[in-house]
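Report on the structure given below.
The values are calculated or read from the model by the stated rules, or taken from the named source; none is laboratory data. This is a predicted model, so every value here is computed, not measured. Glycine also receives a Cβ, built like all others from the backbone with ideal geometry; neighbour counts cover every protein chain displayed.
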Amino acid sequence: MANFNTVFVTGGAGYIGSHCIVELLEAGYSVIAIDNFANSVNGEHGEAPSLKRVEQITGKPVIFYQCDLLDKSKLEEIFSKHKIDCVIHFASMKAVGESMQVPLLYYKNNIVGTINLLEVMKQNNCYQLVFSSSCTVYGNPEYLPITEEHPTGDVTNVYGRTKYFIEEMLKDISAAEKNWNIISLRYFNPVGAHPSGLIGEDPTKAFTNLMPYMAQVAIGNKESLTIFGGDYDTVDGTGVRDYIHVMDLASGHVAALDKLNKEHLRLKVYNLGLGTGLSVKELVHEFEEVTGVHIPYALGPRRVGDVDSLVCDGSLAVTELQWQPKYDVKMMCRDFWRWQTMNPNGYRSETATAAKLNGTTLAVNGKQLNGH
Ligand code: UDP
């Protein structure tokens, strides 16, 4: 049995990366993280504010380097400084709309970046990898709920195609070289935040995802939500997605690493989702109920590339990774809202209440949220 304890995390300062590092540190792993700050906020001296908060939550250190995966020599330098046992690869450009406008940039960053990483891993005899993939590789689903056997590749956008191409590359290298031991995790819709309210989603670009946008409306930074399409073939005509709390997603990565530690799989793929579909209107309703804040919305046209419903069969991860998701939709809304209200300007406001409020309860718009 392999026995690894030092994990190299690419995109570690980002939304999913930072939450995953909390879980890794709490599970006893040491973490070396890199980020190029393309989609996460950087501090004045090149440090990562999100990871400072991670250290605050866990009481454990994170070694951090500002590094772009396209800078292969820097990557080589970091690998030569540390004995890295395994890698979790989150770093990726991820805005669907943007990917259609600047496809070459997406192909270069996501695919060349991954090739550089795989080459440096190989040079250093490190073959254990958890890859951050997405349900977008399934395209417009042929059946629901989506199992891992569902065909992939008929993808509707460039971002999704980069994930698909990387998965194909991982298939090829793991077939050609038996040393590779890889798990690709296909995420459904990650939302929520760490229950402390200290870390959460803080996009550096426009707010395009539903929950961050809704929270911006709730906090008064945006006037109203536009629901993209009211004529889908769903329960109420709005798009249905499988939302998963980011802490459940994070624990899924620790479960995947534990699996790689015990078994030589070459390559396995798992869905990470709860298997529960929720429409846009249903999520808005849940969010209003949990926060006590009304969300004005208007129905608009469909967003290009969107599909009716994406809901997974998540049972394989539950049985084979022994992964137990713990958070329901109310907790997803509660934790996102806690993060949003404690950090109205995200990590940009170090003076925000987040730094001071580390308690278990928090009053939001006169409503007391239960601590975790
Ligand atoms: N959505 C919406 N208004 C928004 C953002 C998203 O109606 O401002 C809808 C979108 O059409 C989809 C769902 O919310 O049905 C989830 O979208 P999101 O961008 O969060 O994630 P995706 O499923 O596209 O990865």
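Values as computed for the structure displayed
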| quantity | calculated |
| --- | --- |
| Close pairs from the stretch 76-93: first over 20 Å from F131 (Cβ atoms), partner among the aliphatic types (A, V, I, L, M), Cβ under 7 Å, at least 6 apart | E76/V120; H82/I32 |
| Options N36, N5; residue that is touching a Ser or Thr at 6+ places or on another chain (Cβ under 7 Å) and at negative phi | N5 |
| Matching entry among V9, V112 (being within 25 Å of Y243 (Cα to Cα) and modelled with pLDDT of 95 or more) | V9 |
| Unmet requirement for N271, which otherwise passes all of (1) closer than 16 Å to I146 by Cα; (2) part of a helix (DSSP H, G or I) | (2) |
| G305 being in a loop (DSSP other than H, G, I, E, B) and either of a type in the set (V, I, T) or farther than 12 Å from Y243 by Cα (or both) | yes |
| Positions within the stretch 207-227 being among the hydrophobic types (A, V, I, L, M, F, W, C) and more than 10 Å from the ligand (Cβ to nearest atom), in sequence order | A215, A218, I219 |
| Checking D313 against (1) more than 13 Å from the ligand (Cβ to nearest atom); (2) over 22 Å from N140 (Cβ atoms); (3) touching a Ser or Thr at 6+ places or on another chain (Cβ under 7 Å); (4) not small (G, A, S), the condition it does not meet | (2) |
| Residue count, the stretch 282-304 (criterion: surrounded by 19 or more Cβ atoms within 10 Å (Cβ to Cβ) and within 13 Å of the ligand (Cβ to nearest atom)) | 3 |
| Qualifying residue in the stretch 236-243 (condition: under 27 Å from E167 (Cβ atoms), near the ligand (Cβ under 10 Å from one of its atoms) and of a type in the set (S, T, Y)) | yes |
| Selection within the stretch 75-104 - surrounded by fewer than 16 Cβ atoms within 10 Å (Cβ to Cβ) and basic (K, R) | K81, K83 |
